[in-house]
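Note sheet for the following structure.
The values are calculated or read from the model by the stated rules, or taken from the named source; none is laboratory data. Source: prediction; values computed, not measured. Cβ atoms come from the backbone with ideal geometry, glycine included; neighbour counts cover every protein chain shown. In case anyone asks, the SASA skips ligands and DNA or RNA and just uses the protein heavy atoms, side chains included. Shrake-Rupley method; radii C 1.70, N 1.55, O 1.52, S 1.80 Å.
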Amino acid sequence: MLEELDVKNFALIDEAHVDFSRGFTVLSGETGAGKSILIGSLAFLLGGKASAEQIRTGCHEAQVSGVFLLDGNSKDAVDWLSCRDIEAEDSRVIIRRSIKETGKSSAWIGGVAVSRADLAAFASFLVDLHGQHEQQSLMKVSEHRRYLDIYADIVDEVASFTALYNGLVEKRRTLSSLDMDEKGRRERLDVLNFALDEIDGAKLRDGEEEELEAEEARLSSFEKLCSDIGEAVRQLDGGDDGEGGVIPCMRRLNSAFDRAAESDGGLAPLAERIQSAFYELEDISSEIQKYERGLVYDPDRLVELQERLELIYRLKKKYVSQNATVAELLDWAEAARDEAARLGGVADDKSALVAEVSELEKKVYLAAKAISAKRAAAAGRMSSEIMAVLAKLGMKSASFKVSMRVKPGDEVEQRCGPYGMDDIEFLISANPGSPLLPLERVASGGELSRVMLAMKTILSAADTAGTLIFDEIDTGIGGEVAVSLGEHMKKLSVDRQVLCITHLASIAVFADNQIKIAKAVSGNSTSTGVFPIGGQERVREIARMLSGDSDSQQSLEHAAAMLHKFGGM
């Protein structure tokens with residue numbers, strides 16, 4: 001559950017702190033006040049798109065943070081944190097995210113820096129945000145099978161099937177390697193063994209190529225190196241007479257300053273520094289002369305280096321690529337060694353493995369058929385229940401269907417996947433005469449939101465997120481439909497937190513809490529404020545939502561009556 005939200009320099013929000021409560025909370029305000037900005041800041045916090053354009057004008061960075069309570073339904077979130085050694089404090093975790101004007105964003109969970117992908121993955125356990133332009137969990141076709149399985153109460157059965165199926169896949173993989181054509185297998189083994197002999201015979205080691213290239217470069221430019229080193233010695237020590245070099249000059253300077261320091265004790269620190277520099281130069285000169293004496297040109301070693309480098313280049317180009325590293329070539333050899341071992345270890349009793357695979361295929365097929373039958377029975381019930389909810393939400397003409405397509409195959413030639421033999425997708429037709437289409441192609445934001453609410457009502461057990469957020473859910477509705485919508489969200493909020501942006505008083509009066517979003521203009525600056533409201537202030541806001549007039553006695557009385565009737569006060 002979201003307990004606190006802090007927003008700073010995000011879009012029109014200068015600075016805002018909001019405390020959230022359990023149950024049903026509505027966010028209201030005049031058009032353009034910035035309600036969607038607050039939801040946008042939440043979406044940003046939960047791993048949504050980050051852009052420098054989200055930073056408030058004149059600022060360099062936007063920051064959003066939230067405090068989430070992890071309750072008994074947050075097992076997935078707690079497990080996620082545990083796997084990454086992130087600890088919740090007092091069953092709470094703080095999420096922070098920022099975006100700089102450079103476009104760089106950063107995120108933290110419980111004080112630990114995380115990637116955007118990790119942030120979004122963790123946030124999905126906490127919040128399910130539904131809006132016209134948001135990614136929605138129920139919009140992912142890959143999730144439809146999971147929701148149907150939860151509705152049909154076969155999650156454990158499907159998990160057992162997946163384990164059985166994975167065992168079959170592994171057995172088939174082993175059998176496939178055994179079934180390889182003997183001639184082809186031998187040819188492949190010969191190729192692998194030849195390559196391994198060649199690479200192993202080269203006795204390569206990681207980092208060798210760089211060392212060889214450095215030594216080869218030194219020997220190839222030996223004449224120039226000798227000339228440069230000799231010049232360095234002459235510049236330091238001078239000519240044959242020992243004059244003219246840096247060190248003789250420094251020696252004279254050192255003696256002169258020693259005498260000067262005897263006359264003026266204040267020069268002693270400078271004298272010490274000059275003496276130190278003189279000794280350092282003498283040491284450098286000694287090292288360079290030692291290096292010069294060790295310079296030996298070895299043409300045979302140069303040839304040896306070049307031949308070794310040519311061998312490495314040829315092996316890399318032959319087995320990986322000419323731009324590969326020695327480490328990559330060694331990795332390739334290790335993979336080739338594993339493949340050769342697998343091809344060489346042909347099972348003595350292939351017939352036993354064939355019989356085992358055949359028996360597993362029968363078990364998988366029968367288990368998949370049983371699961372498919374349960375899904376088919378549940379799909380019809382689920383479709384009917386969702387349409388019943390949609391009818392109450394003003395979509396009486398809508399049709400909804402859980403589409404099931406069985407993968408082609410039979411007991412001999414099956415087409416099962418890790419979750420069975422069914423391809424499952426939710427289809428919707430919002431208007432009479434319109435064909436059933438995939439759920440993600442529903443165009444209207446209001447229709448889409450009501451479908452999502454119907455889904456959540458029917459599949460409340462399918463989502464472990466403790467907070468549901470609905471944006472633009474009241475588009476194109478009013479009257480009894482709005483009342484029904486409010487009733488449904490109130491029902492959903494019994495065991496989870498529900499946040500909803502709405503323009504309709506008929507929805508807002510059902511809320512346990514109400515937050516008002518207001519825009520203020522000061523000079524040339526515009527900002528959005530966030531204010532929890534209650535008592536008479538809430539009555540005035542409901543009156544404004546009813547008639548646009550928050551001062552008339554009639555509107556105020558009507559607002560108070562609605563709040564009293566529907567439990568908002």
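Some notes on this structure:
- Enumeration of residues in region 37-61 that are open to solvent by 60 Å² or more (accessible area, probe 1.4 Å) and outside any loop (DSSP other than H, G, I, E, B): Glu53
- Any hit, region 535-555, residues being among the acidic types (Asp, Glu) and open to solvent by less than 30 Å² (accessible area, probe 1.4 Å): yes
- Scope region 472-513; condition β-branched (Val, Ile, Thr) and assigned to a strand (DSSP E or B); matching residues: Val498, Ile501
- Matching residues, region 10-36, being in contact with a strand residue (DSSP E or B) (Cβ under 6 Å, 6 or more places away or on another chain) and part of a helix (DSSP H, G or I): Lys35
- Any helices (runs of 4 or more DSSP H) falling wholly within region 62-180 and containing at least 1 residues that are farther than 30 Å from Lys369 by Cα, hydrophobic (A, V, I, L, M, F, W, C) and open to solvent by less than 60 Å² (accessible area, probe 1.4 Å): 75-83, 116-126
- The single condition among (1) at pLDDT 90 or above; (2) more than 24 Å from Gln63 (Cα to Cα) that Ala113 does not meet is (2).
- For region 187-205, the criterion of being assigned to a helix (DSSP H, G or I), closer than 30 Å to Ser351 by Cα, acidic (Asp, Glu) and at pLDDT 80 or above is met by at least one residue.
- Residue in region 394-411 that is out of contact with any Gly (no Cβ under 9 Å at 6 or more places or on another chain), closer than 23 Å to Glu361 by Cβ, at pLDDT 90 or above and open to solvent by 10 Å² or more (accessible area, probe 1.4 Å) present: yes
- From the list Ala367, Ala335, Ala379, Ala355, the one residue that fits, being part of a helix (DSSP H, G or I), modelled with pLDDT of 90 or more and loosely packed, with under 13 Cβ neighbours inside 10 Å, is Ala335.
- Scanning region 505-563 for residues that are among the aromatic types (Phe, Trp, Tyr) and over 17 Å from Ile37 (Cα atoms) returns a single hit, Phe510.
- Of all the listed residues (Tyr313, Tyr297), the sole one being without any contact (Cβ under 8 Å) to a residue 12 or more places away in the chain, open to solvent by 80 Å² or more (accessible area, probe 1.4 Å) and not charged (D, E, K, R) is Tyr313.
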